[in-house]
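**Q** Sharing a structure below in structure tokens format, with a few things to ask.
The values are calculated or read from the model by the stated rules, or taken from the named source; none is laboratory data. In this text, all values refer to a predicted model and were calculated from it rather than measured experimentally. Because the Cβ atoms are built from the backbone with ideal geometry, glycine has one as well, and the counts that use them run over all protein chains shown. These accessible areas exclude ligands, DNA and RNA; they are computed on the full protein's heavy atoms, side chains included. Shrake-Rupley method; radii C 1.70, N 1.55, O 1.52, S 1.80 Å.
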Amino acid sequence: MASISLKNVVKRYGTGPKAVAVIHGVNAEIAHGEFIVIVGPSGCGKSTLLRMVAGLEEITGGEIAINGKVVNDVEPSDRDIAMVFQNYALYPHMSVFDNMAYGLKIAKVPLDEIKARVDKAAKILEIGPFMARKPRELSGGQRQRVAMGRAIVRQPQVFLFDEPLSNLDAKLRAQTRLEIQKLHRELGITSLFVTHDQVEAMTLAQRMIVMNGGVMEQFGTPEEVYTCPATTFVASFIGSPPMNLLKNAPEAQAGVITGIRPEHLDITPSGWALKVEAVEMLGAERLVYGRWAHSATDELVIIRTEESHTVPALGATIHVTPRAEKLHAFDATTGKRMAAT
């Protein structure tokens, strides 16, 4: 296991006035054995940040240290990390066993130790019956487990996962998330996991880095990020459906955006008046979409209710009341969270 330290990490492509900055001074201290998820939309810099930790991208500014050792100029092969990619990167002509053992053979690890490491990883990942097969004979989920097994046998200080589940269908993604959680519990290896999927981030992370446009908007536990978002971007990106961010709420002050999660709006006899525009049935719950009934604005408000509630008619006017303790306030200019008064 190893700690990871990111100090004012910057990445720019090009030089001089035409240089393009893609990572803007990221700072994070990651403890031994932590599972950290880097999450954000496409193009936000999350994979670039991971690749800088791996040594696959040069660092323009700042400092990256692994276990106290600055690795800015250290080759990837000397950083004691193992990476799992989105596309598996398996050798098609090799068996599962040989794919997992290949890196150890190159490192001249004794054959009996190679077999012991591969057998142990195969048992952890439940791929023992497939060791003689070629990658083309495996499902997508099985191939991803082989890719993880290849990383495990390296016995690295750090695991780096670059969107490893994005090629899997929804059922396999859920199953593989559980396997990754189990794997981390058993091995306890410090891990960085990149994803654009906020469900993956919320379910896997011990702490998460939320990226936006190359900026780290927030670094905290899933609960902290969900219940106390630092910016309007975090509030809108984390949560499905996202937080309501309202400029025209009745209580809103000038220059303030009012935030409220859909599950914290209750349908009541009086309160905010909304005209129902759509209703989505989602099994045990439903989402009601409404717009202000007596306002020229077209601001949309989402309410999450339980299946036991009566379904409001389309076009009807309903009233909702926000739970006062669940209201959030953000600066309309900066988007940053405002301190409670």
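**Q** Going residue by residue through region 57-79, is there one that turns out to be aliphatic (A, V, I, L, M), without any contact (Cβ under 8 Å) to a residue 60 or more places away in the chain and under 17 Å from V22 (Cβ atoms)?
**A** Yes, because at least one residue in region 57-79 is aliphatic (A, V, I, L, M), without any contact (Cβ under 8 Å) to a residue 60 or more places away in the chain and under 17 Å from V22 (Cβ atoms).
**Q** I'd like to verify a number: residues in region 304-319 that are in contact with an Asp or Glu (Cβ under 8 Å, 6 or more places away or on another chain) and hydrophobic (A, V, I, L, M, F, W, C), how many?
**A** Counting residues in region 304-319 that are in contact with an Asp or Glu (Cβ under 8 Å, 6 or more places away or on another chain) and hydrophobic (A, V, I, L, M, F, W, C) gives 1.
**Q** In addition: State which residue pairs qualify: first residue without any contact (Cβ under 8 Å) to a residue 12 or more places away in the chain and farther than 14 Å from V158 by Cα and inside region 1-20, second residue open to solvent by 100 Å² or more (accessible area, probe 1.4 Å) and part of a strand (DSSP E or B) in any location, beta carbons under 8 Å apart, and separation of 6 or more residues or different chains.
**A** From region 1-20, the pairs are A19/R12; V20/R12.
**Q** Okay, moving on. How many residues are out of contact with any helix residue (DSSP H, G or I) (no Cβ under 6 Å at 6 or more places or on another chain) and either of a type in the set (S, T, N, Q) or at pLDDT 90 or above (or both) if we restrict to region 121-137?
**A** Count: 5.
**Q** Quick test for you: out of V199, V215, V225, pick the one residue that is aliphatic (A, V, I, L, M), open to solvent by less than 10 Å² (accessible area, probe 1.4 Å) and within 16 Å of the chain's Cα centre (by Cα).
**A** V225
**Q** Turning to a different aspect of this structure: Restricted to region 313-341, and to residues that are among the small types (G, A, S), in a loop (DSSP other than H, G, I, E, B) and without any contact (Cβ under 8 Å) to a residue 40 or more places away in the chain, which residue is surrounded by the most Cβ atoms within 10 Å (Cβ to Cβ)?
**A** A313
**Q** Mind listing just one residue for me: the one in region 273-292 that is of a type outside the set (A, V, I, L, M, F, W, C) and either in a loop (DSSP other than H, G, I, E, B) or in contact with a helix residue (DSSP H, G or I) (Cβ under 9 Å, 6 or more places away or on another chain) (or both) and, of those, surrounded by the fewest Cβ atoms within 10 Å (Cβ to Cβ)?
**A** Residue satisfying both the conditions and the ranking: G283.
**Q** Something else about it: All but one of (1) among the small types (G, A, S); (2) open to solvent by less than 10 Å² (accessible area, probe 1.4 Å); (3) closer than 28 Å to E285 by Cβ hold for A230; state the number of the condition that does not hold.
**A** (2) is the only condition that A230 fails.
**Q** Which residues, taken from region 172-194, are in a loop (DSSP other than H, G, I, E, B) and surrounded by fewer than 18 Cβ atoms within 10 Å (Cβ to Cβ)?
**A** Within region 172-194, G188 is the sole residue that qualifies.
**Q** Take the conditions modelled with pLDDT under 95, open to solvent by less than 40 Å² (accessible area, probe 1.4 Å) and of a type in the set (S, T, N, Q) and apply them to T310. Does it pass?
**A** no
**Q** Out of all the residues in region 293-307, which are open to solvent by 50 Å² or more (accessible area, probe 1.4 Å), touching a Gly at 6+ places or on another chain (Cβ under 8 Å) and either polar (S, T, N, Q) or not in a loop (DSSP other than H, G, I, E, B) (or both)?
**A** L300, the sole residue that qualifies.
**Q** Search region 102-116 for residues that are in contact (Cβ under 8 Å) with a residue 40 or more places away in the chain and pair each with any residue that is of a type in the set (K, R) and part of a loop (DSSP other than H, G, I, E, B) when their beta-carbon atoms are under 9 Å apart and the residues are at least 6 apart or on different chains.
**A** G103/R154; L104/R154
**Q** Across region 233-256, what is the total count of residues that are open to solvent by 20 Å² or more (accessible area, probe 1.4 Å), outside any helix (DSSP H, G or I) and of a type in the set (G, A, S)?
**A** 4
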